[in-house]
Amino acid sequence: MTSFSGAWVLVSGASSGIGEEFARQMAREGAHLVLTARSTDRLEQLARKLSAAHHVETQVVSADLAEPGGAEQLCREIDRLGVRIDHVVNNAGFGDVGPFVEADVEKHARMVRLNCEALMRLSRHFLPGMVGRRQGGIIHVASVAGHMPVPFMATYGATKAFVLSFSLALAEEVRKHKVRVCALCPGPVPSGFQAAAGMAPSRVAGAVGLSAEATVTRALEAYEAGEVLCVPGVLNTVQTLSSKFLPRALMVRSAAEAMRRMGRGK
């Protein structure tokens, strides 16, 4: 059984959406929190609310993990706090929509640094302590998009495929040390992600998406149970299973057509 009471949890991308909800639910369980994102004001406001409501300690460290050296700087700042990180929620990430040939290559480079490199560096920094103590673990927020190529979100889907593969491999490496790694693969979740990615609201997304609250509740249940993969929602589960059995060319073309119908591709 996992007890978050009295444990220190690092949550990246904690200023909104899934990251904020992880912070809320873990604070409710008695976890002390290190919250990080770019938005210092929003983080500090959230930290004050959670401290007052649940009598937990909170620390705020603003960081831009998409910048070169951003993850290393964050690790140094957390080390200076002198707290022992028992659990990490690697949630920070963003996407972009549209034909890759028209993409802003610097934006996509930042996406790869944030979604992949920063997640890898934070994992490498905090896992050795967990392995040495034989407790704790990491939740990596991947996506259903990591289970198949996604035309018109090509870079984003590829970064989440990295997160998924990395998480499953890492989970097996540290299993003998009683440390857990769980890949959370949500579908569309109402948050600031869609606006940042340039995605208009979609009725399809509304049909398959879960709230941030429901998504995080299911993720923590999976983490508690030692599951290495969590795909919340029946429709999302069906979609990911279909990607394993249907011909890949058919899946990719179907995904491209779905993106076009939603006005996200040409």
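The values are calculated or read from the model by the stated rules, or taken from the named source; none is laboratory data. Everything numeric in this text was worked out from a predicted model, so none of it was measured. Reconstructed Cβ throughout: ideal geometry from the backbone, glycine too, with neighbour counts over all protein chains shown. Surface areas here come from the heavy atoms of the whole protein model, side chains and all, with no ligands, DNA or RNA. Shrake-Rupley method; radii C 1.70, N 1.55, O 1.52, S 1.80 Å.
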Qualifying helices (runs of 4 or more DSSP H) (wholly inside the range 178-225; at least 1 residues being at pLDDT below 95, charged (D, E, K, R) and out of contact with any Phe, Trp or Tyr (no Cβ under 9 Å at 6 or more places or on another chain)): 203-208
Filtered residue count, the range 53-71, keeping only those that are acidic (Asp, Glu) and open to solvent by 60 Å² or more (accessible area, probe 1.4 Å): 2
Residue count for the range 75-86, restricted to those that are touching a residue at least 60 places away in the same chain (Cβ under 8 Å) and open to solvent by less than 60 Å² (accessible area, probe 1.4 Å): 4
Residue under evaluation ALA71, criteria (1) under 22 Å from ARG121 (Cβ atoms); (2) in contact (Cβ under 8 Å) with a residue 60 or more places away in the chain; (3) aliphatic (A, V, I, L, M), criterion not met: (2)
Any hit, the range 24-35, residues being over 16 Å from PHE94 (Cα atoms), at pLDDT below 95 and either of a type in the set (Gly, Ala, Ser) or surrounded by fewer than 21 Cβ atoms within 10 Å (Cβ to Cβ) (or both): no
Test result for GLY132, in a helix (DSSP H, G or I), without any contact (Cβ under 8 Å) to a residue 12 or more places away in the chain and either of a type outside the set (Lys, Arg) or surrounded by 24 or more Cβ atoms within 10 Å (Cβ to Cβ) (or both): yes
Matching residues in the range 240-265 - criterion: being among the polar types (S, T, N, Q) and at pLDDT below 65: SER242, SER243
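Do we find that LEU35 is over 26 Å from PHE152 (Cβ atoms) and within 19 Å of the chain's Cα centre (by Cα) in this structure?
The answer is yes for LEU35.
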Residues satisfying the stated conditions in the range 87-129, i.e. within 11 Å of THR155 (Cα to Cα), open to solvent by 60 Å² or more (accessible area, probe 1.4 Å) and of a type outside the set (A, V, I, L, M, F, W, C): LYS107
Subset of the range 1-23 (residues that are assigned to a loop (DSSP other than H, G, I, E, B), open to solvent by 30 Å² or more (accessible area, probe 1.4 Å) and of a type outside the set (S, T, N, Q)): MET1, GLY6
